[in-house]
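Novice: This is the structure, below, for whatever I ask next.
The values are calculated or read from the model by the stated rules, or taken from the named source; none is laboratory data. All figures in this text were calculated on a predicted structure; none of them were measured in a lab. Glycine gets a Cβ as well: all are built from the backbone with ideal geometry, and neighbour counts include every protein chain shown. The area values use the complete protein model at the heavy-atom level, side chains included, leaving out ligands, DNA and RNA. Shrake-Rupley method; radii C 1.70, N 1.55, O 1.52, S 1.80 Å.
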Amino acid sequence: MARQPTMEDVARAAGVSRSTVSRVFQNKGERVSPDTLITVHEAAKRLGYVHNLVASGLAQRHGRQLGLLIRDATNPAYGHLHAEMHRAVEDAGRTLISVTAFRHDYGTAEVEGLHRLLGQRVAGVFIGTGVTAAEDLVETVSSVPMMIVGRPNAHPLIDSVSYDEATHGRLMAEQIHARGHRRIAVLRAPVLYSRVFDLRVRSLLARCTELGVATREVELLPEADGVVRALDLAEAEQLSCIVCPVDYVALDLLRAAAARGVRIGEDVSAVGFDGMGDGLDLLGLATVRLPVAQVVQRAVARMGELLIAAEDAGEGPPGSTGPERREVRHEVLPGEFVPGSTLARI
């Protein structure tokens, strides 16, 4: 088997010192001329050199690598979070390693993913999933700063920048009420399936009660059956709107409705949450759009503060900087309602 090219090989091929090659790959070319950057990268490409991010992170006293545990990126909301996080972390002069846990795994893959990230010696970890309990996260991650991003969080030892899902649920209830709907179906999943879905739906149900909107809860799982049950119930009980806890479920509902000749927006209305999928405007789906970019920017800035605090005080468990516990912050940012033809006035 051929030997993998090393940094020394690249230096010889480019006619520069090993330290120059190191600056090119470890510090994004800081203090290296543009011509030298091009020469080094061309030499690396010819040789097939791949920079060892783990080794470079260990070589620095305070690594530049951060970790992201993300939920199934086939969900557009997580896909956007993933892309925005990479962009923001790179803009902050660091690199991001991500691990994905799939939609239907109830937490096991998330804990395993965290272990893999910690094995990469990341300097800090972002948690962008909706299943594993905060208490379990604290037990799993004890050596580096950790932040929850996107999902609701109130744990006293874990910082977070989250979508304001309680507000989103209330906002959707008010929009449904404003269009004259008084009897609706609400698809609901167990809290272990998604803490985000659970908070959205609980907030919506509570606000509907306050507004005098009668609700009939429908078991979501399995999703293909749940949307059919919702359509059946809406027809049987003359319900005028079906609330889906996320846009991809709303799309499944639209497909099931089309298959049986039900006109969404005419025979029955439907709404979702997230507002991230391409083409939702063409479908006219009424939804709540998450403030993904804003949440990511705030989270990356806060992680920078946590890393500085950890460097100043020494490594310690989440929520602490040595003998005195530091301030833990929980920030929530609201999204916006996106009107659409699927939510009609009656």
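Novice: What is the helix-to-structure angle for 292-313, meaning the angle in degrees between its Cα long axis and the longest Cα principal axis of the chain, kept from 0 to 90 and rounded to the nearest 10?
Specialist: Taking the Cα atoms of the chain, the angle to 292-313 is about 40 degrees.
Novice: Show me the three semi-axes of the equivalent ellipsoid for the stretch 133-262, from the C-alpha gyration tensor (sqrt of 5 times each eigenvalue), largest first, rounded to whole Å.
Specialist: 32, 17, 11
Novice: Based on the Kirkwood radius over alpha-carbon pairs, what is the Stokes-Einstein translational diffusion coefficient of the stretch 213-312 at 4 °C with 1.567 mPa s viscosity, in µm²/s?
Specialist: 83
Novice: Separate question: Under the 0.36 nm per residue contour assumption, what length would be gained going from the current alpha-carbon distance of residue 19 and residue 263 to full extension?
Specialist: Residue separation times 0.36 nm, minus the Cα-Cα distance, leaves 81.2 nm.
Novice: Also, I was wondering about something else. What does the charge dipole of the chain about its Cα centre add up to, to the nearest 20 debye, if the Cβ of each Lys and Arg holds +1 and the Cβ of each Asp and Glu holds -1?
Specialist: Value, rounded to 20: 620 debye.
Novice: For percent of Cα pairs over 25 Å apart, the listed values are (1) 53; (2) 58; (3) 69; which was obtained by calculation from the structure presented?
Specialist: (2)
Novice: Expressed in nm to one decimal, what extension gain is obtained for the pair residue 217 and residue 282 from 0.36 nm per residue of sequence separation less their Cα-Cα distance?
Specialist: In short, 20.5 nm is gained.
Novice: When the chain is modelled as a GNM with alpha-carbon springs shorter than 10 Å, which of 190, 34, 222 fluctuates the most?
Specialist: Checking each option, the largest mean-square fluctuation is seen for 34.
Novice: Write down the percent of antiparallel bridges among all DSSP beta bridges whose residues are both part of the chain, to the nearest 5.
Specialist: Beta bridges within the chain, antiparallel portion: roughly 10 percent.
Novice: Turning to a different aspect of this structure: Tell me the net charge near residue 213. Cut-off is 10 Å between Cβ atoms, residue 213 excluded, with +1 for each Lys or Arg and -1 for each Asp or Glu.
Specialist: +1
Novice: What is the list of residues in the stretch 148-165 whose amide nitrogen lies under 20 Å from a point 7 angstrom out from the Cα of residue 116, following Cα to Cβ?
Specialist: 148-149
Novice: Counting only protein heavy atoms, what percent of the accessible surface of the chain is carbon or sulfur at a 1.4 Å probe?
Specialist: Taking all protein chains in place, the chain shows 52 percent carbon and sulfur surface.
Novice: Would you grab the residues whose amide H sits under 5 Å from the one on residue 288? Only those 5+ places off in sequence or on another chain, please, with H modelled 1.01 Å from N.
Specialist: 272, 273, 274, 275, 338
Novice: Can you list the residues of the stretch 87-101 with backbone N under 14 Å from a point 7 Å past the Cα of residue 293, pointing along Cα to Cβ?
Specialist: Answer for this model: 87-88.
Novice: Given H placed 1.01 Å from N in the peptide plane, which residues other than close sequence neighbours of residue 332 have an amide H under 5 Å from its amide H?
Specialist: Here 162 satisfy the definition.
Novice: Choose one of 269, 256, 86: the residue whose Cα lies farthest towards the positive end of the charge dipole of the chain (beta-carbon charges +1 Lys, Arg; -1 Asp, Glu; about the Cα centre).
Specialist: 86
Novice: So for the pair residue 236, residue 83, with labels modelled 7 Å out along Cα→Cβ, what separation do we get in nm?
Specialist: 4.1
Novice: If you don't mind, another one. Given only helices, namely DSSP H runs of n ≥ 4 each adding -39500 (n - 2.57), what is the per-residue ellipticity at 222 nm of the chain, to the nearest 500 deg cm²/dmol?
Specialist: Value at 222 nm, helices only, nearest 500: -14000 deg cm²/dmol.
Novice: A further question on this structure: Hey, in the GNM for the chain with a 10 angstrom Cα cutoff, which one of 299, 11, 101 fluctuates hardest?
Specialist: 11
Novice: Further, regarding this structure: What residue among 47, 231, 283 shows peak mean-square fluctuation when the chain is described by a Gaussian network model with Cα springs under 10 Å?
Specialist: 47
Novice: Moving to a separate point now. Compute the distance in nm between two label points, each set 7 Å from the Cα along the Cα-to-Cβ direction, one at residue 341 and one at residue 143.
Specialist: Going by the 7 Å Cα→Cβ label model, 5.6 nm.
Novice: To the nearest 20 debye, what charge dipole does the stretch 170-312 have about its Cα centre, counting +1 at the Cβ of each Lys and Arg and -1 at the Cβ of each Asp and Glu?
Specialist: Dipole of the stretch 170-312, to the nearest 20 debye: 400 debye.
Novice: Helix 247-259 versus the longest principal axis of the chain: what angle, 0 to 90°, nearest 10, using Cα atoms?
Specialist: Helix 247-259 sits roughly 50 degrees off the main axis of the chain.
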